[in-house]
Structure formats: C-alpha cells, structure tokens
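Below is one structure; the comments refer to it alone.
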Amino acid sequence: MNKKLLAAAVASAVAVPGFVAADVNTYGTLYIRTTVQDSDIAMVDGATRFGFNSSKDMGNGNTVSGEIEVGLDATNGGSNPVTRDSWIKFAGDWGSASV
C-alpha cells in the first residue's frame with residue numbers, strides 16, 4: 001500500500017472525531033408567497049432552504065469548516081430536496097483549500 005495514502009487515511013481518521021465534536025449551527029428560511037391572478041389563487045415557494053454549518057479549531061492555527069444547505073419546495077411538502085450549497089474548507093497559516 002502506498003505510504004502517502006496510508007498517512008492520508010490515518011490523518012483523516014484522526015481529524016474526523018474532532019470535527020464531529022464541533023458545534024453545529026442550524027439555519028433556514030421559509031419563504032412562501034400567495035399569488036392571485038383573476039380568480040386563481042396559488043401558493044408559490046420563493047427559495048425555502050435550511051442548512052447546517054460548523055467550524056472547528058484543530059490547533060496550531062489550523063481550522064476545518066463546512067456547510068450543507070438544502071433547498072425545498074415548501075408548497076408541495078418539501079419533496080425532492082435539492083442541494084444548494086455544500087463545501088468543506090481547510091485553512092491555516094499555509095493558506096486555505098476548499099472542496
């Protein structure tokens with residue numbers, strides 16, 4: 001097995017429990033509007049979404065942060081959720097990298 005791959009796997013295994021212990025923030029927006037045209041009344045969703053984000057100080061000036069945001073159509077019961085924004089970021093004195 002490639003030694004670099006093994007080192008990356010071990011580093012990931014060590015970092016994950018620390019990130020799991022991080023505080024997770026929950027946020028969201030419910031945006032529904034009613035439209036009336038002639039005799040038709042309709043409920044229209046206007047970008048309803050909810051998400052989770054977190055940041056963890058890993059020590060030595062390094063941080064790991066991430067976000068997952070999902071969009072829903074609140075007018076049809078939230079079926080067919082769509083991922084709006086998801087990323088993970090590693091940052092430190094060396095700079096930052098996001099995926």
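Under the simplified labelling scheme, the Asn60-Ser98 pair shows an inter-label distance of 2.5 nm, with each label point 7 Å from Cα along Cα→Cβ. In this calculation the C-beta distance from Asn53 to Tyr31 is compared with R0 = 22 Å, giving a FRET efficiency of 0.70.
Rounded to the nearest 20 debye, the dipole magnitude of the range 40-99 is 200 debye, with +1 charges on Lys and Arg beta carbons, -1 on Asp and Glu beta carbons, and the Cα centre as origin.
Annotation for Asp40 and Thr75: the two label points, set 7 Å from Cα along the Cα-Cβ direction, are 1.0 nm apart. Computed from backbone phi, the HN-Hα couplings of the range 33-44 come to 10, 9, 10, 10, 9, 6, 9, 8, 10, 9, 9, 10 Hz, rounded to whole numbers (Karplus: 6.51 cos²θ - 1.76 cosθ + 1.60, θ = phi - 60°; Gly and Pro given as x).
Every number here is computed from the coordinates shown, using simple stated rules; none is lab data. Everything numeric in this text was worked out from a predicted model, so none of it was measured. Using ideal geometry, Cβ is built from the backbone for each residue, glycine included, and neighbour counts are taken over all protein chains shown.
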